[in-house]
Structures are given as C-alpha cells and as structure tokens.
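See structure below.
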Amino acid sequence: MSATFEPNIVAFLCNWCSYAGADLAGTSRERYPANLQIIRVMCSGRVNPLYVMNALQQGADGVLVSGCHPGDCHYMEGNYYARRRLGMLKDLMEFIGVDPRRFHMSWVSASEGHKWKEVVEKTVEDAREAGPFEGFRRRQIDW
Amino acid sequence: MELEQLQKTAAEVADREDVKYVIGWKKGSYGYRVAPGFIEDAAGAAELIFSPLCTANLATYLTLVEKLPVPRGQEADDRKVAVMVKGCDSRAVAQLLVEKGIGREEVVVIGCPCPGVVDPELLAEKYPETEETVEIKWTEDGFLLVRGEEEIEISRDELLAEKCRLCRYPNPVISDVMLGEPVETRELVEDEGVAEIENRDVDERAAYWEEQFAKCVRCYSCRNVCPLCYCQDCILDRLNPTWVNRAVNFSENTAFNIARAFHLAGRCIECGECERVCPANIPLGRLNRKLAREVRDKYGFEPGVDPEAEPFQASFKPDDPEDFIL
C-alpha cells in the first residue's frame, strides 16, 4: 500500500471515560491522526459485537472500542462484559481471515489524554499497514 | 443398548400421566433415513430405534413448540415433554436449562449413552443407498451394516462422524432415565480441521472462508436446526434495525455467518447439526469448535456441562484474559 493511504477508523468510546479522555486530549492540544469517526456510546458494554462487523461491512478499515479501566466502569461491570465478548469476536475475526490489526480495544480513562493519543496513533498505524479493507465490505457503498 | 429395553422404557414414560409425548428416533422413509418420532402412547413406542444413524439432535424440538395463548376457561397443558438424548444432545438440554430456555420441570430426559454415530454423507458415498431395508448396528470396534442378506463389517474410523471423533461427553450429562451402560469416555484429541485453518496465514484464511461463505444460500437451516438458536425475535429476521441484509452475496453471507457463530460462542455444544444440514457443505462445525476451544482454553468455560452454571456471555470474571487490549 502506498504511504498516502488514509484508513477510515470507526471508534466506539464510552461516555464516561474514553470520550472524556479524547476530550482531554483535545483540550490539552495533543496532536493525533484525524482518521477517526468517533461514536459515543454510554458504556463499552453497549457495543454489540455486531457493530464491529457492521462497521467493517460499511467501509471502515479498522475499528476501535475504548472504555473505562476494569473496575472503573460507571455501571460497575459493563466493561468486563465488553472485554469478554469483544475478545471472542477478535478471535473469530482472526479465524475467518480479518487482519487482527484492524480491530483494537483499549482502556482509556478520563485523565489519560496522552494515552488516548498513543492508542489512536497505534490504531491508525496498524490499519494503514493492513491497507484498505476489501474482505467482506459491501460492494456498493455510496458515502 | 438393547432395543427392547429402549422401547419398553419409552412406553413406560409415554404412559405416564404427566408426560405429553416422547421424542425419539424412528425409521425414516427408506434407506438410511431416520426421522424424529413423537410418541404419545405405549403402542407407538415400538417404532423407536437407536442406531449409529440417529445423528439428529432432538433437543431442538423442545424449543420449537409453538406456545399458543390458552383460551379463557381452559387450563394450560403443562405436562412434560420427554426427549431421548445422546451425550451431545444432553449438553444442549443442559445449556437450555442454564439459559432458562426451558425449565427442568418441563422436560424428562431419557439418556442414551452413545458410542458415536456415522457421518451420513460418508456412509452414502461409500455404501450407496438402496431401497431395501438397511440396518446399522454398533459392534465392539466399529459398525455392522446389514443390507438384505449381506453383512458388512466397517471399522470405526472409516465412518465415524467428525463431531464424534472429538467428543468427550458420549454419556448424557443429565438424565432422568438412563438406558444401558455408560460407554467409555475418550481423551481430548486435537481438532485437525481447526488447526489446519489456523496454520494458514490471514490472507489464505480469508480466501478459504470467502470460498466457503460464497456458497451459502442463506436458507438458515443451520439456525433452524440448532437446539440453541431459539430466539423468538432473531436478528436475522429483523428489519429495523437491519443487522444483516437479505441479499445473498459474499458480504452479507459473511455477516450472517459471523453473527451466527458469534451468538453461539460459549453456547455451542458441538452436536454438529448445523454442518450436517447445510446444503452447501460449509464447514460450520469448524467455526463453532474454534470458538468453543477458545472459550475452553482462555476462559476455562465449557457450555452444557453444568446446568447450574452462569451463561458465558452474560457473566464475567475479573481476571479474564486481556492481552489483546492496547
């Protein structure tokens, strides 16, 4: 892939930690790649694994799910469920031939603006290396 | 197991006041066919059989029953349903109990220890079907095929179904009535089908599954036959939101297969029915067994073994593996 390829990343951020963390990254003037389309969800446990599948189908080159650190969930345990489900999904995706670099999960708290930047850089870099996702993307996409 | 004992037990259970019917296997229309039999009284029990051809998982019928509203002034029929299960099928019943898909008081489980069933496709390939009466029996170390006058000894490895080669629960894990003696349990063997795919690199795996999923005709047989796919409102049928489009193309087929496999992660009890009924011969069993193995190795969980367990995807442990997290 040429070095100019800019991947589309869909990021699901939990309202209470990661979204605030991304906000902090902004207010602290951290510079990070602008390839992300951020979708705010109330909790990482809200992220149905099929969202990830659907994002890839609709033209995403990578997906990032980010939530509170274990034990810090606003809803006590939502991120534990997310960890279990999305861990399984990652195994399944890998098995059917989706590059593991396309899907990442991270814990970013509201005070970790700098960590958020690093996570985004890693995600974008990985997706860029993996190249445009051609796997089971829908063939006619008009956006 | 003696056939007489099976029929006698089935007759006794069918005659019980609190039992609506017994679900068992009976001879099909011709050749190797085996059909499910719904036995309401002792007389019907003479139809029942149990042979290496009884591959079907009858636990499916427990949740397929349509529950109609009870008309005013009438009492609901809350009699039990009795079902004959092999080892793998009994795990489906146990998993249904875990998920509260059925209640323990709604079902009578008749356990049949199973030395392993044949692969129907392999059988029809090697010993073509005929219209004469065919019978298969278990012997000490294999199967005995009786076709008219002819008797053929077949070794176990030749015809054994893939799921049985990997089976570790040949004896029912739960049962109210047990038929015959428990059979010998075998050790966990390596799953060659899954390992073969894992050893390829990502692009080869993608190519392999593209070839497989492109064949899918989206008949949803795999969903319909699965004892654990019993949601009244299945995401595949839902139009708003449309999780999976109805178009039959590679993208939607893959989405469907991911959704199906994922919904069975930590629930699939490896009865292999999805693979058996698939008209396109997609190796769905490999997908399911891969996930089952991950669940077993990484999370130390095995579905359908303990009816008191917590459902896998609706529970967690604080120390679940998180090496994939950035």
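Data overview
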quantity: Test: B:Ile282 is without any contact (Cβ under 8 Å) to a residue 12 or more places away in the chain and surrounded by 15 or more Cβ atoms within 10 Å (Cβ to Cβ); calculated: no
quantity: Hits in the range B:153-183 (condition: within 22 Å of B:Glu308 (Cβ to Cβ), out of contact with any Cys (no Cβ under 8 Å at 6 or more places or on another chain) and of a type in the set (Ser, Thr, Tyr)); calculated: B:Ser175
quantity: Any chance B:Gly266 is small (Gly, Ala, Ser), at positive phi, within 11 Å of chain A (Cβ to nearest Cβ) and surrounded by 15 or more Cβ atoms within 10 Å (Cβ to Cβ); calculated: yes
quantity: Residue match in the range A:92-107 (condition: more than 23 Å from A:Phe5 (Cβ to Cβ) and acidic (Asp, Glu)); calculated: no
quantity: Condition met for B:Ala309 (buried (at least 16 other Cβ atoms within 10 Å of the Cβ), assigned to a helix (DSSP H, G or I), more than 9 Å from chain A (Cβ to nearest Cβ) and at pLDDT 90 or above); calculated: no
quantity: Counted residues, the range A:20-72 - those being in a helix (DSSP H, G or I) and charged (D, E, K, R); calculated: 2
quantity: Residues of the range A:99-127 classified as within 30 Å of B:Arg286 (Cβ to Cβ) and within 7 Å of chain B (Cβ to nearest Cβ), total; calculated: 3
quantity: Residue in the range A:9-27 that is under 22 Å from A:Glu125 (Cα atoms), β-branched (Val, Ile, Thr), at pLDDT 95 or above and surrounded by fewer than 19 Cβ atoms within 10 Å (Cβ to Cβ) present; calculated: no
quantity: Complete set of residues in the range B:1-47 that are touching a Ser or Thr at 6+ places or on another chain (Cβ under 9 Å), aromatic (Phe, Trp, Tyr) and not in a strand (DSSP E or B); calculated: B:Tyr30
quantity: Set A:Met53, A:Met76: member being over 11 Å from the mean Cα position of the chain (by Cα) and more than 10 Å from chain B (Cβ to nearest Cβ); calculated: A:Met76
quantity: The range B:226-251, residues that are over 21 Å from A:Arg137 (Cα atoms) and touching a residue at least 12 places away in the same chain (Cβ under 8 Å); calculated: B:Cys226, B:Pro227, B:Leu228, B:Cys229, B:Tyr230
quantity: Selection status of A:Leu64, of a type outside the set (Gly, Ala, Ser), closer than 26 Å to B:Lys298 by Cα and more than 13 Å from the chain's Cα centre (by Cα); calculated: no
quantity: Residue match in the range A:37-45 (condition: closer than 27 Å to A:Thr4 by Cα, of a type outside the set (Ser, Thr, Tyr) and out of contact with any helix residue (DSSP H, G or I) (no Cβ under 7 Å at 6 or more places or on another chain)); calculated: yes
quantity: Filter result (over 27 Å from B:Glu252 (Cβ atoms) and hydrophobic (A, V, I, L, M, F, W, C)) within the range A:39-69; calculated: A:Met42, A:Cys43, A:Cys68
quantity: The range B:232-290: number of residues that are among the hydrophobic types (A, V, I, L, M, F, W, C), part of a loop (DSSP other than H, G, I, E, B) and more than 28 Å from B:Cys164 (Cβ to Cβ); calculated: 8
quantity: One residue from A:Ala60, A:Ala82, A:Ala55 being in contact with a Ser or Thr (Cβ under 6 Å, 6 or more places away or on another chain), crowded, with 21+ Cβ neighbours inside 10 Å and not basic (Lys, Arg); calculated: A:Ala82
quantity: Restricting the range B:152-209 to residues that are basic (Lys, Arg) and either closer than 25 Å to A:Arg102 by Cα or over 20 Å from the mean Cα position of the chain (by Cα) (or both), the residue that is surrounded by the fewest Cβ atoms within 10 Å (Cβ to Cβ); calculated: B:Arg200
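The values are calculated or read from the model by the stated rules, or taken from the named source; none is laboratory data. Keep in mind it's a predicted model, so treat the numbers as computed, not measured. Because the Cβ atoms are built from the backbone with ideal geometry, glycine has one as well, and the counts that use them run over all protein chains shown.
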